Amino acid sequence: MKSYRTLLLILLGVIIIVGYQGYQAIWGQNLNTEAEDKVIYISDDASLSEVIDSLSHKQLLLSASKFQLTAKAMRFSDSSLKPGRYDLSNTLTNRAIISKLRLGQQDAINVIINGGRTIEEVCDNIAEQLSFTSDELLGVLKSSDRMDQWQATPQTLISKIVPDTYQMYWSSTPAKVADRIYKEYQKYWTSDRIKQATALNLTPDEVMILASIVDKESNKSDEHPIIAGVYLNRLKRGMLLQADPTVVFANGDFTIRRVLNKHLRSQSPYNTYVHAGLPPGPICLPSKSAINGVLNPKQHRYLYFCAQPNYSGRHNFSNTLTQHNNYANTYRRWLSKQGIKR
């Protein structure tokens with residue numbers, strides 16, 4: 001009888017120990033709060049073993065074996081995984097981590113969409129922040145159905161994108177991202193903004209085209225309304241825009257720092273030294289500052305402007321060609337002194 005009781009006590013002790021270990025594995029803290037990076041990415045074809053390897057590689061787990069034990073107890077397997085980006089900062093226990101992953105409770109990220117001279121560059125920028133490739137997104141945007149819906153041409157497609165910071169999920173599909181972009185475009189072009197554009201005799205696409213030129217002329221936001229006013233004055237008078245950034249775009253050489261006569265000979269429709277009016281599409285994705293500058297241009301009589309002979313990035317504005325030529329000659333001499341030949 002005594003030996004029976006001893007055996008029973010031993011068995012009970014084992015049960016208590018195993019039970020406690022199981023409880024600790026599931027409910028005890030297993031996230032390493034000292035880890036620098038608490039974010040993991042799960043792809044469409046990821047396996048549970050790969051996820052555990054990723055957790056271990058980032059030193060996120062205090063015990064990988066306890067995580068595996070909990071995963072088995074919770075019947076968490078390859079088929080339970082949902083792709084996405086997961087921030088595990090607030091999931092201290094194995095149960096919390098597994099529940100977050102099983103439910104697909106991924107965390108949104110700030111996708112910054114700005115800059116880029118072409119739609120291809122913009123797609124590259126977006127794809128670098130999400131799970132798909134640039135070509136996959138480009139294929140969706142350039143599809144005939146999408147182009148018809150957006151009333152876009154290959155040249156104006158980039159004008160349908162509003163530069164901003166978008167909250168999206170890392171695993172968002174190209175189609176969902178395209179839908180989101182167009183939704184934000186529709187929200188941005190309110191009736192008030194459309195009225196502003198109409199008052200300038202411009203369409204939203206034309207606003208974006210002019211804004212792209214303004215943006216490439218100056219990175220000074222306070223100059224954007226002034227430069228926009230110059231180009232609008234020229235358009236009203238039927239003058240060629242003669243915008244150097246369009247010549248750079250027309251030549252396809254974005255290393256050009258000094259526009260020369262040979263560059264002006266390009267017959268590209270983007271060369272505003274040759275073709276009147278606006279080019280067929282934006283020469284970049286313009287900043288909101290440039291867009292606002294076009295929609296709210298400075299009222300003045302300037303018809304010309306020239307970069308100041310320094311590295312300030314600012315410009316001298318002129319009413320007359322004589323005054324402008326004086327500024328331009330001074331600037332050319334300065335460029336030569338700086339050794340800038342092209």
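Would you please classify the overall shape of the range 109-188 from the alpha carbon gyration tensor, given that a ≥ b ≥ c denote the square roots of the eigenvalues, rounded means a/c under 1.5, and beyond that prolate means a/b larger than b/c while oblate covers the rest? Write out the running numbers ahead of the final one.
Values: a/c = 1.39, a/b = 1.29, b/c = 1.08.
Rounded shape, in that the Cα axes give a/c under 1.5.
For the range 270-280, backbone phi angles converted through the Karplus equation (6.51, -1.76, 1.60; θ = phi - 60°) give residue-by-residue couplings of 8, 7, 7, 7, 10, 10, 6, x, 7, x, x Hz, Gly and Pro being listed as x. Along the range 65-82 the Karplus relation, 6.51 cos²θ - 1.76 cosθ + 1.60 evaluated at θ = phi - 60°, assigns HN-Hα couplings of 5, 5, 5, 4, 4, 5, 4, 5, 5, 8, 6, 8, 9, 4, 5, 7, 6, 10 Hz to successive residues, with x for each Gly and Pro.
So if R0 is 41 Å, what FRET efficiency would residue 337 and residue 183 give, r being the distance between their Cβ atoms, rounded to the nearest 0.05?
On the way: r = 51 Å, r/R0 = 1.24.
The pair residue 337/residue 183 has a calculated efficiency of 0.20.
Just one of (1) 61, 21, 17; (2) 38, 25, 20; (3) 46, 21, 18 is semi-axes √(5λ) of the Cα gyration tensor in Å as worked out from the coordinates here. Which one is it? It is the one labelled (1). Taking only Cα atoms, what is the 0 to 90° angle, nearest 10, from helix 174-188's long axis to the longest principal axis of the chain? Between helix and principal axis, roughly 50 degrees. Peptides 243-250, 31-38 ranked from most to least packed by the mean count of surrounding Cβ atoms within 10 Å: 243-250, 31-38.
Classified by the C-alpha gyration tensor, the range 32-151 has a prolate form. Its axis ratio a/c, with a ≥ b ≥ c, is 1.5 or above, and a/b is larger than b/c.
Charges only on Cβ, +1 for Lys and Arg, -1 for Asp and Glu: so what's the dipole of the range 187-342 about the Cα centre, in debye to the nearest 20? For the range 187-342, the charge dipole is close to 500 debye.
Using R₀ = 45 Å, calculate the FRET efficiency as 1/(1 + (r/R₀)^6) where r is the Cβ-Cβ separation of residue 222 and residue 36; round to 0.05.
Approximately 0.65, to the nearest 0.05.
Positive-end ranking of 280, 319, 338 along the dipole of the chain, with charges on Cβ about the Cα centre, is headed by 319. If a/c stays under 1.5 just call it rounded; otherwise compare a/b with b/c (prolate if a/b is bigger, oblate if not). Do that for the range 260-342, with a ≥ b ≥ c from the square roots of the Cα gyration tensor eigenvalues. Oblate, because a/c is 1.5 or more while a/b does not exceed b/c. Label-to-label distance, residue 144 versus residue 80, with points set 7 angstrom from Cα along the beta-carbon direction: 4.7 nm. Extension gain for residue 201 to residue 164 (0.36 nm times residue separation, less C-alpha to C-alpha distance): 10.8 nm. For the chain, the longest principal axis of the alpha carbon atoms and the long axis of helix 224-237 meet at an angle near 40°. Working from Cα positions, state the angle (0 to 90°, nearest 10) between the long axis of helix 321-337 and the longest principal axis of the chain. So the helix axis and the longest Cα principal axis differ by about 60 degrees. With the charge dipole of the range 52-132 set up from +1 on Lys and Arg Cβ and -1 on Asp and Glu Cβ about the Cα centre, the Cα lying farthest toward the positive end among the listed residues 89, 108, 69 is that of 69.
Taking the Cα centre of the range 109-188 as origin and assigning +1 to Lys and Arg Cβ atoms and -1 to Asp and Glu Cβ atoms, the resulting dipole is close to 280 debye. Summing Lys and Arg as +1 and Asp and Glu as -1 over all other residues whose Cβ lies under 11 Å from the Cβ of residue 156 gives a net charge of -1. Working from label points 7 Å from Cα in the Cα-to-Cβ sense, the residue 99 to residue 153 distance is 5.7 nm. What you get for the chain, charging only the Cβ of Lys and Arg (+1) and of Asp and Glu (-1), is a dipole of about 860 debye around the Cα centre. Taking R0 as 45 Å, what FRET efficiency do you get between residue 53 and residue 121 from their Cβ-Cβ distance, rounded to the nearest 0.05? According to the calculation, E is roughly 0.85.
Read the figures in this text as sums done on the coordinates, not as results from a lab. Keep in mind that this is a model prediction, so the values were computed, not measured. Counting neighbours? That spans all protein chains shown, and the Cβs are built from the backbone with ideal geometry, glycine included.
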